[in-house]
Amino acid sequence: FSRWNGTAWSTPSGVTNDFLLDGAPQVAWTGDGNAVAVWQRLNDTLTITATWDMTTANKIEIATASYDSAGGIWSPVSLLTNNGSLDMTPQLARNGDGKLLAVWRQNDGGLLSGDATQPDRIMAAFYDGAWGTPVAAVAAIPGLVDLAAGYGSNAATIAYTRYLTPTGSPTPTLQLFTSAWNGAS
């Protein structure tokens, strides 16, 4: 990470320091002036002869750490997920109070793109000083391509695209969907 002080960037420094693969980072500032990061993390060290398969895919979890702006340090890494499913491509949204919403793709079969037999689901978790329990926000999505989230005052929206074959069409096309959270469900 590197921090901008209004004039220059700080010297880059690691948030993690291990042999695990990290990717797709997202960061947002909380209401107290600190920051929270989420990213996908392969929760196992790969051998030089490792191959991509369902077992490897299902070791990808969502990791998190928080940044103390007063001390200028990141907390130790913890896992927001720790399950036998592929968890990937997290997105963060912040509301006006500095609370955060994280959403990500999850697939039990380790598929990078879910299908009719092993569809994806969009998972969500809220942060208000600590992460709440992840829940399925949208279930059973075959052909999920991309997702994004917006978070307001007691409301949130998840937008996502998926492939669907329109009636009378021989090929699937990308379609846009949304799901709204009303503060309770």
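To keep it simple, each residue is scored yes or no on (1) open to solvent by 30 Å² or more (accessible area, probe 1.4 Å); (2) over 21 Å from N34 (Cα atoms); (3) in contact with a Gly (Cβ under 7 Å, 6 or more places away or on another chain); (4) among the aliphatic types (A, V, I, L, M).
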{"site": "Q118", "(1), (2), (3), (4)": "yes, yes, yes, no"}
{"site": "M123", "(1), (2), (3), (4)": "no, yes, no, yes"}
{"site": "D128", "(1), (2), (3), (4)": "yes, no, no, no"}
{"site": "A136", "(1), (2), (3), (4)": "yes, yes, no, yes"}
{"site": "A139", "(1), (2), (3), (4)": "yes, yes, no, yes"}
{"site": "P142", "(1), (2), (3), (4)": "yes, yes, yes, no"}
{"site": "A155", "(1), (2), (3), (4)": "yes, yes, yes, yes"}
(message) Looking at the stretch 63-94 only, could you name the residues that are within 20 Å of A156 (Cβ to Cβ) and without any contact (Cβ under 8 Å) to a residue 60 or more places away in the chain?
(response) L80, T81, D87
(request) Scan the stretch 69-76 and give yes if some residue there is in a strand (DSSP E or B) and not acidic (D, E), otherwise no. (result) yes
(message) Just the residues that are in a strand (DSSP E or B), within 24 Å of L147 (Cβ to Cβ) and open to solvent by 60 Å² or more (accessible area, probe 1.4 Å), please, taken from the stretch 8-41.
(response) D22, P25, V27, W29
(message) For the stretch 61-72, which positions are open to solvent by 60 Å² or more (accessible area, probe 1.4 Å) and at pLDDT 95 or above?
(response) D68
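The values are calculated or read from the model by the stated rules, or taken from the named source; none is laboratory data. Keep in mind that this is a model prediction, so the values were computed, not measured. Neighbour counts are summed over all protein chains in view; Cβ atoms, including those assigned to glycine, are modelled from backbone coordinates with ideal geometry. Remember, those area values only see protein heavy atoms, side chains included, never the ligands or the DNA or RNA. Shrake-Rupley method; radii C 1.70, N 1.55, O 1.52, S 1.80 Å.
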